[in-house]
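The values are calculated or read from the model by the stated rules, or taken from the named source; none is laboratory data. Because the structure is a prediction, the values reported are computed rather than measured. Heads up, the Cβs are rebuilt from the backbone with ideal geometry, glycines too, and the neighbour counts pull from every protein chain shown.
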Amino acid sequence: MNAISQPFQITPTGLKWDNHFHRLGPDFYTALAPQALPEPYWVGRSVAVAQILNLPADELETDALLHALAGNQPISGTQPLASVYSGHQFGHWAGQLGDGRACLLGEANGLEVQLKGSGSTPYSRMGDGRAVLRSSIREFLCSEAMHGLGIPTTRALCVVGSDEEVARESLETAAVVTRVAPSFIRFGHFEHFAARQQLPQLKILADYVISRYYPDCQTASTLSANPYANLLQQVTERTAVMLAHWQAVGFCHGVMNTDNMSILGLTIDYGPFQFLDAFDPDHICNHTDRGGRYAFARQPDIAHWNLYALAQALMPLIEDQALALQALDTYKPLFAGHWLQLMRAKLGLTAGRDGDDTGADQALVNDLLALLAQDRVDYTLFWRRLSQAVASQQFAPVRDLFLERAGWDTWLLRYSARLDGLDTQQAADLMRSTNPKYVLRNYLGELAIEAAKGKDFSVVAHLLTLLERPFDEHPAFDSYAGLPPDWASQIEISCSS
Ligand code: AMP
Ligand code: MG
């Protein structure tokens, strides 16, 4: 990245900057400016994210902001930096990593604003510091899609592109995503200082995270007297909730390394992610993940493993192994409880009927998932059709999705018995607000990317509109809610981005 050379700074109205992370001091980052990106153009913009930043929507039309978010123009009040972290990648200690292609501008309206793809930093290792148009569109759309689904995530304000070439498996073009989150701190930030035995810095970081994001950890009477064990407990809970959402909606992250785990339990670092088309618990969405460490059904256990890595990093502060283990032990029941609650909602069920139906509901869900897996039924389509079937009491369109109809018929009898006596319209309403009509299937992302490569950004804009409200019908876009085309199964997404 370059030193800031331009004398002229832009001042977008509404953006009031504060830079808490910057005040942690230079042990935590390298101060630097983003690298200029020639002749940028808008690829996608989110008015909703502008609003949470207090940025007037018309600022998102200006050339000044376009250039600023491409890294060509400093923004007054920002203190750009690349933070340092470490982490475990694919189960192995990877040592120092850091923001190798991201630059934190500062904090506006209480939210950190980060440019991703903004050029090389001291943490770039062998990388060029850039992100390609393809992966930037995927990250932009998926951030907003997850938010639309009610899943904790970092957000994305916009993508700017450029014709500047970037070498990956083939030549591509560069883009920058402006990401937004209360914090981009990862498990790996803690692992970094723990591995180096920099205990004062570890404590500064933990105290910072507690005071800004988990103030309960110091005060709540229901928690232990140990704020660092409480922090581990609360991160465990948020991570369990996030994983329950991923599994319920059929989201595969693809690279659950500890440096890609947010300390706030947000879905972060969208790379080779995928929403399942056909339901397959063993699905591996990352072409680079040959062993399937991050296969769909393994995600909850991997998150638990990652929490152990976080716990190990926090041990010098927690100082009490029993307390740490106690926090970690809450993960499985928390995950299972949240997951069952979400799966019940997908079935139109709110809670146990006669006292406690947990075991029976669990079996109902598990047996259904086994049927979906056996016939590789399209996951999103199944749930949406089931929602409509409960509303109309016409189950044939759901049955059509199965090859092995007898298994489905038997399961449907059990489900009907469970719904018996409940208000089916209420159940159907719950289902339609829980089972999305639209998810960012890989092939939809490809349609947007292919159009954008030809400078047609309308598909990005249309998809954004749908994915912001994925439970609404949007009848004009029905074709985006059907089965994926045959070529969708040929799409290969790797870590390269
Ligand atoms: P990821 O798997 O994308 O989360 O990235 C893992 C690490 O590699 C992080 O430290 C990234 O900043 C870094 N990285 C990924 N791609 C690049 C790139 N093109 N240039 C520099 N660093 C990169
Ligand atoms: Mg990452």
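Would you please name the residue that is farthest from Leu202 (Cα to Cα), looking only at residues in segment 284-314 that are part of a loop (DSSP other than H, G, I, E, B) and β-branched (Val, Ile, Thr)? Walk me through how you get there before you give the answer.
Residues of segment 284-314 part of a loop (DSSP other than H, G, I, E, B): 284-295.
Subset that is β-branched (Val, Ile, Thr): 284, 288.
Values: Ile284: 35, Thr288: 32 Å.
That would be Ile284.
Does segment 194-215 contain any residue that is within 16 Å of ligand 1 (Cβ to nearest atom), of a type in the set (Gly, Ala, Ser) and more than 30 Å from Arg384 (Cβ to Cβ)? Don't jump to the end; show me each part of the working.
Step one: list which residues in segment 194-215 are within 16 Å of ligand 1 (Cβ to nearest atom), which gives 195.
Filter once more, so that each one left must be of a type in the set (Gly, Ala, Ser): 195.
Still in the running and more than 30 Å from Arg384 (Cβ to Cβ): 195.
So far as segment 194-215 goes, yes, one or more of its residues are within 16 Å of ligand 1 (Cβ to nearest atom), of a type in the set (Gly, Ala, Ser) and more than 30 Å from Arg384 (Cβ to Cβ).
Surrounded by 24 or more Cβ atoms within 10 Å (Cβ to Cβ) and within 12 Å of ligand 1 (Cβ to nearest atom): does that describe Thr121?
Details: surrounded by 24 or more Cβ atoms within 10 Å (Cβ to Cβ): yes; within 12 Å of ligand 1 (Cβ to nearest atom): yes.
When the stated conditions are applied, Thr121 passes them.
Tell me, please, whether a residue that is among the polar types (S, T, N, Q) and within 13 Å of ligand 2 (Cβ to nearest atom) can be found in segment 262-276. Break it down stepwise before answering.
Keep residues of segment 262-276 that are among the polar types (S, T, N, Q), which gives 262, 267, 274.
When the remaining residues are screened for being within 13 Å of ligand 2 (Cβ to nearest atom), the result is 262, 267.
Within segment 262-276 (the criterion being among the polar types (S, T, N, Q) and within 13 Å of ligand 2 (Cβ to nearest atom)), the answer is yes, since at least one residue qualifies.
Would you point out the residue of segment 73-86, among those that are within 12 Å of ligand 1 (Cβ to nearest atom) and out of contact with any Phe, Trp or Tyr (no Cβ under 7 Å at 6 or more places or on another chain), that is nearest to Thr62 (Cα to Cα)? Walk me through how you get there before you give the answer.
At the first step, the residues of segment 73-86 found to be within 12 Å of ligand 1 (Cβ to nearest atom) are 82-86.
After this cut, where a residue has to be out of contact with any Phe, Trp or Tyr (no Cβ under 7 Å at 6 or more places or on another chain) as well, the list is 85-86.
Values: Tyr85: 34, Ser86: 37 Å.
Top of the filtered list is Tyr85.
Would you check which residues across segment 121-132 are at pLDDT 95 or above, away from ligand 2 (no atom under 13 Å from the Cβ) and under 24 Å from Ile493 (Cβ atoms) and list them?
Across segment 121-132, the qualifying residues are Asp128, Gly129, Arg130, Val132.
What is the residue count in segment 133-143 for residues that are more than 15 Å from ligand 2 (Cβ to nearest atom) and of a type outside the set (Lys, Arg)?
4
Within segment 153-169, is even one residue in contact with a His (Cβ under 7 Å, 6 or more places away or on another chain) and either crowded, with 21+ Cβ neighbours inside 10 Å or modelled with pLDDT of 95 or more (or both)? Spell out the reasoning first.
The initial filter retains those residues of segment 153-169 that are in contact with a His (Cβ under 7 Å, 6 or more places away or on another chain), namely 153, 155.
Narrowing the set further to residues that are either crowded, with 21+ Cβ neighbours inside 10 Å or modelled with pLDDT of 95 or more (or both) leaves 153, 155.
Within segment 153-169, one or more residues are in contact with a His (Cβ under 7 Å, 6 or more places away or on another chain) and either crowded, with 21+ Cβ neighbours inside 10 Å or modelled with pLDDT of 95 or more (or both).
From His92, His147, grab the single residue that is out of contact with any Gly (no Cβ under 6 Å at 6 or more places or on another chain) and either within 23 Å of Thr30 (Cα to Cα) or surrounded by fewer than 20 Cβ atoms within 10 Å (Cβ to Cβ) (or both).
His92
Could you count how many residues in segment 428-448 are in a helix (DSSP H, G or I) and within 18 Å of the chain's Cα centre (by Cα)?
Number of matching residues: 3.
Residues are listed down the side, and each one gets a yes or a no for (1) under 20 Å from Val235 (Cβ atoms); (2) buried (at least 18 other Cβ atoms within 10 Å of the Cβ):
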residue	(1), (2)
Gly271	no, yes
Leu276	no, yes
Thr288	no, no
Ala313	yes, yes
Pro316	yes, no
Glu319	yes, no
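Looking at the structure I just gave you, is Thr178 more than 30 Å from Leu444 (Cα to Cα), within 25 Å of the chain's Cα centre (by Cα), crowded, with 24+ Cβ neighbours inside 10 Å and in the same structural domain as Gly106 (by TED's automatic domain parsing)?
Values: more than 30 Å from Leu444 (Cα to Cα): no; within 25 Å of the chain's Cα centre (by Cα): yes; crowded, with 24+ Cβ neighbours inside 10 Å: yes; in the same structural domain as Gly106 (by TED's automatic domain parsing): yes.
Considered against the rule, which asks whether it is more than 30 Å from Leu444 (Cα to Cα), within 25 Å of the chain's Cα centre (by Cα), crowded, with 24+ Cβ neighbours inside 10 Å and in the same structural domain as Gly106 (by TED's automatic domain parsing), Thr178 comes out as no.
Just to be sure before I move on: is Ser494 polar (S, T, N, Q), in a helix (DSSP H, G or I) and farther than 30 Å from Ala360 by Cα in the structure I sent? Walk me through how you get there before you give the answer.
Values: polar (S, T, N, Q): yes; in a helix (DSSP H, G or I): no; farther than 30 Å from Ala360 by Cα: yes.
The answer is no for Ser494.
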